[in-house]
Amino acid sequence: MQDDTDLPEMYKRSLDPFAALAAVAAVTTDIRLGTSVCLVAQHDPIVLAKTVATVHQISGGRVILGVGFGWNVDEMRHHGVDPDHRRTIGREHALAVRELWTNDVASFDCDYVSFGPSWQWPKPVQQPHRPIWIGGGKATLRHVVEWGDGWMPITGVMPVAKMIGRLRAMADDAGRDPGEIAIYPTGVPSEPDALDELLGVGIDGVNLGVTWDADLDTVRRELDVHADFRDRRLLA
């Protein structure tokens, strides 16, 4: 069993992402909204498709579904997910969600997800569907190439620059245009050298975090630092 002391406190106290994004969507007009990440294997795909579609509709088409396969074995088992098959299950759940988004009458039949003719609206504002970005490392690249619209690697724990080259080579081999896969590293430090290396190999953006339990004034200051850092790097 996972010892609770091994888990960062934020994992125990985080908000439901889709309820939170709906609230953000209601008071914003331009920023894109997304999850980093939704543990897709642990969600019923029919319910997840409806939930994301609803927030997508409320936001005017600004939602990106960021998914991952998870690492907390106990959590997976509590959700009825076999940890040894989480990637296969996650893949099927994501593909089933996409099927519901893109077809007026959808059906799906695989090893872990199966449903007959189903109707679900609203459909996506974006065509042919809402973007699905996948978070993870080396084992995730094949999923990104097969069915992902974007990749979210974690800097500091994997050689992101080298893996970007690997991802593009795999996309070429699969007959897919590497340029259509968005790359947004997460956990990027606000350090010029770190960002310059990523910009050198070609990325579409970065995910800069804020302190999860900070007060509003602290979060605003952190966001100001990020904005200043972004502006300085873009103008350099």
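Read-outs: derived from the displayed coordinates by stated rules, not from any lab. Every value quoted in this text rests on a predicted model; they were computed, and no experiment measured them. In this analysis, Cβ positions are derived from the backbone assuming ideal geometry, glycine residues included, and neighbour counts consider all displayed protein chains.
If you check every pair at least six apart or on different chains, which have Cβ atoms under 8 Å apart with a residue in region 114-143 that is closer than 15 Å to Gln57 by Cβ first and a residue that is charged (D, E, K, R) and buried (at least 19 other Cβ atoms within 10 Å of the Cβ) second?
Qualifying pairs under 8 Å: Pro124/Arg130; His129/Arg98.
If only one of Thr51, Thr88 is of a type in the set (Ser, Thr, Tyr), crowded, with 17+ Cβ neighbours inside 10 Å and without any contact (Cβ under 8 Å) to a residue 60 or more places away in the chain, which one is it?
Step by step, each of Thr51, Thr88 is checked, and only Thr51 is of a type in the set (Ser, Thr, Tyr), crowded, with 17+ Cβ neighbours inside 10 Å and without any contact (Cβ under 8 Å) to a residue 60 or more places away in the chain.
Do you know which of the residues in region 190-209 that are surrounded by 14 or more Cβ atoms within 10 Å (Cβ to Cβ) and outside any helix (DSSP H, G or I) is farthest from the chain's Cα centre (by Cα)?
Restricting to residues being surrounded by 14 or more Cβ atoms within 10 Å (Cβ to Cβ) and outside any helix (DSSP H, G or I), the top hit is Ser190.
Helices (runs of 4 or more DSSP H) wholly in region 1-94 with at least 1 residues that are within 15 Å of the chain's Cα centre (by Cα) and among the β-branched types (Val, Ile, Thr) - which ones?
Because the criterion is at least 1 residues that are within 15 Å of the chain's Cα centre (by Cα) and among the β-branched types (Val, Ile, Thr), the helices (runs of 4 or more DSSP H) in region 1-94 that meet it are 45-59.
Please verify whether Ser36 is touching a Pro at 6+ places or on another chain (Cβ under 6 Å) and surrounded by 12 or more Cβ atoms within 10 Å (Cβ to Cβ), treating the condition exactly as stated.
No, not satisfied.
Of all the residues that make up region 114-140, how many are of a type outside the set (S, T, N, Q), surrounded by 12 or more Cβ atoms within 10 Å (Cβ to Cβ) and either touching a Lys or Arg at 6+ places or on another chain (Cβ under 6 Å) or in a loop (DSSP other than H, G, I, E, B) (or both)?
9
In region 144-169, what residues are of a type in the set (A, V, I, L, M) and either out of contact with any strand residue (DSSP E or B) (no Cβ under 7 Å at 6 or more places or on another chain) or without any contact (Cβ under 8 Å) to a residue 24 or more places away in the chain (or both)?
Val145, Val157, Met158, Val160, Ala161, Met163, Ala169
Looking at Pro178, Pro153, which is the one that is under 22 Å from the mean Cα position of the chain (by Cα) and closer than 30 Å to Arg13 by Cα?
Only one candidate qualifies: Pro153.
Is there a residue being among the small types (Gly, Ala, Ser), outside any helix (DSSP H, G or I) and farther than 13 Å from His43 by Cβ anywhere in region 99-113?
Looking for residues that are among the small types (Gly, Ala, Ser), outside any helix (DSSP H, G or I) and farther than 13 Å from His43 by Cβ, one finds at least one in region 99-113, hence yes.
Check Asp217, Asp193, Asp213, Asp172 and return the single one that is touching a residue at least 40 places away in the same chain (Cβ under 8 Å) and farther than 21 Å from Gly66 by Cβ.
Going through Asp217, Asp193, Asp213, Asp172 in turn, just one is touching a residue at least 40 places away in the same chain (Cβ under 8 Å) and farther than 21 Å from Gly66 by Cβ: Asp213.
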